[in-house]
Every structure is written in C-alpha cells, then in structure tokens.
Amino acid sequence: LTEYLTKPSIRSDTKDHVPLGQRIRLACKVNIRAGVHLDMTWKVPPNLKPAVSDARVKIGPLKLKPVEDAEHREVASRELIIERATLADGGTYRCEVQDLNGHRNYHSFKLHVRDSGEDYVMLREENNLDDINVRRNANGKTAPIDIVIEYRSYPANITYYWLKDDDIEVTAGHHGKYELNHSETHVKLRINDPTVYDTGNYTVFVLAGNAEKSHRMGVYVYAQPIVHMESMFVKPNEEVSFTCRSIGFPRPDIAFAFVPCLEVPWRNCSVPTSKNAQWDRPGGKGETQIAKSRIYKITPKQPGVVYCRATNTEGSETTQADLLISDLSDSVTLEKERPKEAITVGDHVTIVCSALVYNYTKDITFVHNDKELQESDGVRLKYSPHLYAWQARLDIDNVQPEHEGPIYCRVKTIDNAVESRAFHVEVLEPMAPMLVSGKSNQSLSVDLHDPLKLECDIVGTPDPKIVWLKDGEPVQPDESSNRVQLTKTTLIFEYLKMDDLGMFECRAENKMGTIEKYWKVDVRTAVVRKSLIYIILCLFLALIVAIVLVSLFYCKKKKEVKAMKEAGIGLKYVNLSFSTNNVNVHPLQHPTAFYHNHIDSGSTQYVDPKKHLNSKGYVRHSGMQNMGMVDSCNTEVTAMTSVEELNEPYLQMNAEKMERGDTDYLANLGPPEEPAPAAPNYVNGIILPLPPKIRNDKDYLKMSRAKSESEESNFDFASFNSDRHSPTIRNNLDTSPPNGSKRHKKRGLPEEIPMLDGNRLSSTANGFNSDSETEAVSPKPRERTSKHNPEPEYMNVKNHKFVGRGPVSDELGQGVTQEAISNPGYIALSMVDEKRC
C-alpha cells in the first residue's frame, strides 16, 4: 500500500445475496489523488479469473468524479453487470486498482446466488447470542446495552420496528432511553442507563418487499430486590391482609415476620430490622419476569409491625408496615357520651375527644366561647388501652341554656401539627310525654287473618322511651318471621291469629313523666259475605246444568245403542264394507275406508276365523264382532272404524230407515256415465305393490292367485263352511224353525244387501259373492229415474275398461274379470297362514 492508492470498496444493489435469474450489479470505488492515472479491473468466480464482456457480462468504463469539499481528490469507479444470474455466478468477486508506478490494492466481495426469485429477509444477532445479561459494575453503574441484528434481504431497501414484551413499541426518545439506527447490513437498538425495569424480550421486525422476518433477544438486567408494603388500620379481632411486592432479577423470594408492640401506652416499636422477628418460609407468586408478590394474613389482638424481606442472588431488601388497631371510627373524634337523647336543662352532659396514639400526642384541649377550658371546668385526660387512644373528657353538671354553642377539641400530632374537631351543644326545655291524637283507650274489633297496625303517637322532651306490652308482657317479635314488625312508635301485624287477641299497651317515659295508651283487640262477629254466597250459588247452578247435559247425552246414546242392536250392528264397530250397503258410491271415486287389524273385544285371546266362515268360505260379518284380531285370515276386505264421528251418522241413518220401513234413498240415483276404476287391492291397510320383505312374510295373504302360481299356493276358503250366519243374514232371515235350515225373510224389512236385482242373479260367473247362499248374475246398469222405487236396485258395472285388477278364479278354476263396483271384501285370498287359520 502506498500513499497514492487506498483500498477500494465494492457495493451491490442486492447486498451479498441475489435471487436466481436477477441482475448482478457491483460498483467498485476508490479515493485517489487528482491526476493519478490508474487501472481498475474486475475478477470473477470461479478462481478469480479476469472478467470478460460478452452478451451477459458487461464491464463499465472507468469514471472519475471530484470529491466535494476536498481539493485535489477524486473518486474513481467502475461497474460490473451480469444479467440473469446463475448458480455459477455465486462466489468471490475482486476489484483491483493499479497506478503507473505499479502500486496495487484490491477489495474482495462474496456474493451468494439464491435458487429462488422471491423476496426474502434473513436475520441473526451479530455475535449469535440468544440473551444479553447485564450487571452493575464496581462503581454501581451499568453500561449501555446494544442489540445488533445483522440482516440480508431482497430487495435491499427495508423497514423495521422494535417491540418490548410483544406489546410495547420501542421508539427513539423516551428522555434519551432508546437509540435506533440501521445500516446496509445491520439494525441496532441501544438502551441507555439500563435498570431492572428494562429486563424483557426485545423483538425486531424487518420487512423487505413482500417478505417479513422477526428476531427476538432477551435482555436481563441483574439487580437486588425493591420491596413495597403499606400499613393497615383495622378493628380488634378483624382479619387483615398485607400484600408485599418485590421487583428484582433474578425474581426474588418473599418472607414475612410480625412483631407486636406491647408497651402501654402504645409506643412505636418498629425498627429497620428486628432481631426478634421470626421469619416464615420464603415464597410468593410470580407476576412478571422481574416481579413477585405474596400475601400475609393475620387476626391481631394487639398492634405491631409486619416485616417483609425479599431475597435474590444480588442481595436482599426488607421493608415494614405498621399494624394499627382501634375501635375509633376516625383518627380524631369528638362526640357526646351522655345523655343519649337530646340535652335538656338540668342534664349531666359528658363530651369526649379521642385521638389515636399512633399519630397524636396527649396534648388535647377544649375551647368554648373562645375560652380554653381547664381541669376546674370539668376537663380530664386519660389513655384508653382498649381504643389505643388519648381521651379528654368534658363533664358539665346541671347544664343550662348558657352552655349552648360550639365546643372545639384541639389535638397536636406527633409532628407538632394541630388538628381540631367541633360539636354543637343545644339545650332544650324538658316536657313530659303527651298524646298527640286519638284516645288513650280504644277497642278494636277485627277479622282474623286481616292486617293490624297500632301507632303510639306520643311526643315529649327529651324523646320518651317507648315500651310495647300485650296483656302486661313485653311484645317480642319472632326474629324468624316478618309477620310481626315492631318499631319505636308502631306495631304492625301482617295478619292476625287467635293468640294475637288481647290488651295492647304503649308506655312512653322520660325524665318528666310517663303516659300509656291502650288497645283492646277482639274478633269481629263472623258474617258470611254476599260475594261468597253468590259464588256458591253459581257453582251449584253450574253443577245442575252439567248433570242435565250429561243425562241428555246418556239418554241419546242409549237410544242409539238400542237402535243399533235392533239393526244387528255392533256397538263399537260398524261394517262399512264395500258391499254398497246404504252407500251408493260414485263410480269415479274411490271409497274411503279405515282398516283396523286390531278390534278391542275386551280379550287378547286369539279367535280362529275358521269358525266364522259362511258356506262360500268367507268370513261372516258376524264373526268379526267375536274375533279379538282381524288379520290376513279375514278374506273380506271390510272397512272397520271405531271413530265416533264416522259411526254415528251411519247408525242413525240405519236406525231411522228401520223405524220408517223406507228403502235406501241413495237407491234413487241412476247409473254412472262411465265405469269406475278398479278397486284397489287392500291387504292389512297397505296398497299393492308391496316391498319384497312384506310380500314374502308368512302373515301376508294375497287377494288372488297369479297365473304362474299353483293351486297349492292358494287357500281354499270354500272348504271351510259354517252353519253360523253373518249378522246380515241372521238379522234379515227368520231362522226360527227347529231344523234351522229354512231361511225366510223377516216381514217389514227390506233386503239389506240388495246390490243386484233378484231376477238377474244366476251364478258366481260374474264374480259377486255375499254372505247369503244366493249368488248374483250378470247385473245391468239401471236407468236413471227420479221416481221413488221401494225396491232399490244397485248397479254393478263390468270391468271391461279397466284391467288393472287381477283375475279371480271361479268354482271351476277359470279366471273371470273382477267387476269394478263388486264388493272387494269378497275377493278370495291366495295364501293363508296355515298356523293361524
């Protein structure tokens, strides 16, 4: 190195990192004497070979620029630009300068090429420290703390900020506490005059482009504890809590000790450190990194001193707090001790001035009418060990009006300051008790359970003392109940009992005399109130009306039951079979039916339906009333209902028809304009087709056999003949002959199932079956007429348009078409549960 050449410097737009594919721009500068000729060259990696310009590498010209404010000095500079940086461009770059005399100098710069083109920030503490620990030096001072964070980023321009303990922003200033600065490679925070309160975590946040990074440093300033605790003033035998807080690092432990002050009169026994103190076990609850607190509880019987000592590795510190005890309401009090009531002429008056011994001396004086009262004026001074106070008493015998006016008590503190209190004396003329209003003797008639209020309106001077008596005994209200409330002048009963009746007395007494007031309380003669009579009468009338309505309803129901029995209809269940008995269904409408599998017959025993079959193998209607369960064994699809709203109109219509001997008025309706759709297949209330699970169930019985099924799969109901007739047959036919084989229609009764005209009945080829042995022939639609026909005919249209219904086998096994309005209840089932049927 010579005096002509100084060491050059290299500066990069992206510092020492550049993303892959970005431009590398390095500038070399050197400060030289003006007029010196030099050569500046670049060497690049690998192996520091001389840089050569090409399509990607460009070497700029040598530039000279005068230095401001420096005569005869110049700055020589040359740039090196490399486009589209590759990983091979990473390494050491060197800038060398040489003058004509052969003097040389150089500077090396290491550049890293990142394999990502995204923005980034990298941070680290310059010395790779995690924490900074600081202690005071020998002279008691602490050197400033410097937190230096080295950073690398792309882009090079950054913004940053500092936080303490994640919530307090650190800014420059704070009375010179903090200093913030940064360079091209470092961010720095300086803490001046550090104390234990500067202990904490300091975090720097650096932002470059879209990238952000943070780095945290722990700073710990070691210091001995600082302790704080306040004095407490309580009443005797009252629990008190002392809270001691300590700050230091390391966080200190806290111990307590209590020393009572036993001297009489009390004297402050607190000392900076007590040798007689017995310390408890150290502990405490941590609040922050440097703070800890602990609570000390005590129920004192005498005053004393509470000590708190905090200790850590840097030392210990002790503080103390006074525990003061007294029943006084204030540090200085001035009050009348007697008389308790108002002062009247001739009374003996005592006024007491009290001052706590903890803060005041025994220098206490009374002043009245600008005159300081002496011992001859009735002033006495003493110490009260119970109150821990100095007391001065002023006694005035036979007080007179001239004693009226303010009396002052002046007390000197232990700091020689004077405090005063005032009490105003008012002297009244005495007056014996007297009754303000009302009579002194009253009689009261009351109702039991009514409230009662007795007022003792008696006045006097001084205020008389009032006592309440009942039958000569003091009234003692029950503390557990509010029924009886007693005040000075009022006695209140929320409600009266028999025990409350008697003679009540209010006795008032003061120094001038006594007076009494009496109340005789008895029960008023019982009188029934009119309102109660009206209520009873209304209830009685309502009961009569209810009985009449129930009786009418019962009679009506009884008549209906009788009519049903005469008509042969069950009491609970009505046969609403699709036999069109008393119902002429429009062929375009599907009849609505309620299917019930369970019939409440009062018994849960299963009844075999085989015992209730007619000659055609079908279950008679009469058998349904006797069966406890109607299931798939019932081959007649019979509409059953137990709903009163459905039964009652049908029953009433049948009963009226039977009484008049009229035919069904629906028979007057003519045939429909077009046939009705096929009746749905109802099996236990389910409309087919059924799911496979139900279809394959053994309790499911098919209405008819399919063509593909064998005869063995069908149940032959015709083989189960029974001599027992259905309710319709039994009700309409005369079975009175002994042999019971002849059947004669009862006189006066119409055909109960006159679905088809009698002269058109032939065989079962038309697919119609009923309870009777007679089978219907092919029916013909009846012409519409408005003329009353005593012998009604019922239509039965053949199902020539509707083929949705499966065929039904006749007696010869040949399938026939099911007619649309023929009774679906008489369709034979294909399968029967052999175990149940």
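Would any residue of region 448-480 have its amide N under 18 Å from a label point 7 Å out along Cα→Cβ of residue 486? List them or say none. Flagged as within label range: 452-458, 464-480. In the complete set of protein chains, residue-level accessible area for residue 42 is approximately 10 Å², probe 1.4 angstrom. Starting from the Cα gyration tensor of region 397-454, take the square roots of the eigenvalues, sort them a ≥ b ≥ c, and report rounded, prolate or oblate (rounded when a/c is under 1.5, otherwise prolate if a/b is larger than b/c, else oblate). Since a/c reaches 1.5 but b/c is at least a/b, the shape of region 397-454 is classed as oblate.
By the scheme Lys and Arg +1, Asp and Glu -1, what is the net charge of all other residues having a beta-carbon under 10 Å from that of residue 84? Its environment carries a net charge of 0.
Stretched out straight at 0.36 nm per residue, the stretch from residue 348 to residue 302 would grow longer than its current Cα-Cα span by 13.1 nm. Positive contributions from Lys and Arg (+1) and negative ones from Asp and Glu (-1), summed over other residues with Cβ under 14 Å from the Cβ of residue 515, come out at 0. Here the relative contact order of region 312-408, from alpha carbon pairs under 8 Å that lie six or more residues apart, stands at 30 percent.
FRET efficiency for the residue 383 to residue 341 pair, using the beta carbon distance and R₀ = 22 Å, is estimated at 0.15. For region 332-425, the Kirkwood hydrodynamic radius from C-alpha pairs, put into Stokes-Einstein at 10 °C and a viscosity of 1.306 mPa s, yields a diffusion coefficient of 117 µm² per second. For q = 0.13, 0.20, 0.23 Å⁻¹, what log10 I(q)/I(0) does region 432-524 give under the Debye formula with an equal point scatterer on each alpha carbon and no solvent? Values returned for q = 0.13, 0.20, 0.23 Å⁻¹ are -0.43, -0.96, -1.20. With each label modelled as a point 7 angstrom along the Cα→C-beta vector, the residue 36-residue 271 pair spans 7.9 nm.
May I ask you to compute the full-extension gain from residue 237 to residue 156, defined as 0.36 nm times their residue separation minus their alpha-carbon distance, rounded to one decimal in nm?
Numbers: separation 81, 0.36 × 81 = 29.16 nm, distance 7.22 nm.
That works out to 21.9 nm of additional length.
Once you divide the Cα radius of gyration of region 9-114 by 2.2 N^0.38 Å, the number left is 1.12.
Just need the relative contact order of region 216-347 here, percent rounded to a whole number, with Cα pairs under 8 Å and 6+ apart. Please list the in-between numbers first.
Numbers: 278 pairs, mean separation 44.9, N = 132.
Worked out over region 216-347, it gives 34 percent.
Could you work out the relative contact order of region 432-524? I mean the mean sequence separation of Cα pairs under 8 Å and 6+ apart, divided by the number of residues, in percent. After rounding, I find 43 percent.
Would you mind checking the pairs 164/213; 336/470; 63/213; 141/292; 43/188; 336/382 and listing those with alpha carbons more than 28 angstrom apart? Walk me through the numbers on the way to the answer.
Numbers: 164/213 16 Å; 336/470 35 Å; 63/213 38 Å; 141/292 25 Å; 43/188 34 Å; 336/382 17 Å.
Checking Cα-Cα distances, 336/470; 63/213; 43/188 exceed 28 Å.
Taking the accessible area of region 9-114, probe 1.4 Å, and keeping the other protein chains in place, the carbon and sulfur fraction comes to 49%. For region 151-172, the residues whose backbone nitrogen is under 17 Å from a point 7 Å from the Cα of residue 289, taken along Cα to Cβ, are 162-171. Of the chymotrypsin sites (Phe, Trp or Tyr not before Pro) found in region 449-514, those in coil by DSSP whose Cβ has at most 13 other Cβ atoms within 10 Å are 495.
Across the cross-link table entries 362/511; 439/488; 488/520; 558/657; 235/285, which are compared at the Cα atoms, the separations over 25 Å belong to 362/511; 235/285.
The values are calculated or read from the model by the stated rules, or taken from the named source; none is laboratory data. Predicted model only: the values in this text are computed from it and were never measured. Neighbour counts are summed over all protein chains in view; Cβ atoms, including those assigned to glycine, are modelled from backbone coordinates with ideal geometry. All accessible areas refer to the heavy atoms of the entire protein, side chains included, with ligands and DNA or RNA removed. Shrake-Rupley method; radii C 1.70, N 1.55, O 1.52, S 1.80 Å.
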